[in-house]
Amino acid sequence: LSEQQRQSLIRSLNPADADALLYDWKLWARPNQLPPKTDWATWMIMSGRGWGKTRTGAEWVRGRVQAGYRRIGLIAKTPADARDIMIEGESGILACIPKEERPTYETTKRRLTWKNGAVALAFSSHEPDHLRGVQFDTVWVDELATYEYARETFETMRFALRLSDDPRCLITTTPKPMAIIKEIIKEEGTVLTTGSSYDNEANLTPQFFEQI
């Protein structure tokens, strides 16, 4: 459609339809921000800053909850990163979900609870042992390349990813030639998506590119 036609269509929408359009990730996402259509156990997105990794991770978690998965792990480098980026960030989980669907966030318990019973727990790479004893069907690992205990965290998480008949893990990270990342990429069940900041140029300011 032309710009004029698009604007006319948007103005014709009632508020409910406009909200539905705004939160329809399949409409807004680039093709490589949507889950691979092939069978996979681990989806690794390795790209530059500003590519849209956080938004992609948040939308993937939302999609898993809508599909019926109920036990989610959110792993970041620090507790503050889990809170400020993955959960409360501008592209985080809470920002990607309409108010009527938004989960309850209990900061002290590091827990998100959806109305349908789904629960997400946040963890820090500084304390890999906290992943012992928990169980997940869905895990989002953010910025694995920055973890001090990357191998310990990832391997401990794997023991916890054992619920449902389709447990899956998404890794969103900036590139770094770490042994554990190379090993994950080579695994049979891994799908790798790469990209640069310029893939998302339409949504970033010119000043950002001037500075980087």
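Here is a yes/no grid of residues against (1) of a type in the set (G, A, S); (2) under 11 Å from the mean Cα position of the chain (by Cα); (3) within 29 Å of K176 (Cα to Cα):
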{"position": "N32", "(1), (2), (3)": "no, no, yes"}
{"position": "E59", "(1), (2), (3)": "no, yes, yes"}
{"position": "G63", "(1), (2), (3)": "yes, yes, yes"}
{"position": "I85", "(1), (2), (3)": "no, yes, yes"}
{"position": "L112", "(1), (2), (3)": "no, no, no"}
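When the test is whether a residue is at pLDDT below 95 and open to solvent by 50 Å² or more (accessible area, probe 1.4 Å), E148 passes it. Farther than 19 Å from T173 by Cβ, aliphatic (A, V, I, L, M) and touching a strand residue (DSSP E or B) at 6+ places or on another chain (Cβ under 8 Å), is that true of V61? The answer is no for V61.
Of all residues in segment 124-142, those that are in contact (Cβ under 8 Å) with a residue 12 or more places away in the chain and over 11 Å from L74 (Cα atoms) have Cβ atoms under 7 Å from Cβ atoms of residues that are among the polar types (S, T, N, Q) and part of a loop (DSSP other than H, G, I, E, B), 6 or more apart or on another chain, in H126/T78; D137/S164. Counting only residues that are among the polar types (S, T, N, Q), in contact with a Gly (Cβ under 9 Å, 6 or more places away or on another chain) and within 15 Å of I45 (Cα to Cα), segment 182-212 holds 3 of them.
Sub-8 Å Cβ pairs linking a first residue in segment 190-212 that is aliphatic (A, V, I, L, M) to a second residue that is part of a helix (DSSP H, G or I), at least 6 apart or interchain, are L192/I185; L204/S197; I212/S197, ordered by first then second residue. When F154 is tested against (1) in contact (Cβ under 8 Å) with a residue 60 or more places away in the chain; (2) surrounded by 15 or more Cβ atoms within 10 Å (Cβ to Cβ), just one condition goes unmet, and that condition is (1).
The values are calculated or read from the model by the stated rules, or taken from the named source; none is laboratory data. Just so it is clear, the model here is predicted, and its values are computed rather than measured. Here the Cβ is made from the backbone with ideal geometry for all residues, glycine too, and neighbour counts use every protein chain on show. Side chains are part of the model used for accessible areas, which takes the heavy atoms of the whole protein and leaves out ligands, DNA and RNA. Shrake-Rupley method; radii C 1.70, N 1.55, O 1.52, S 1.80 Å.
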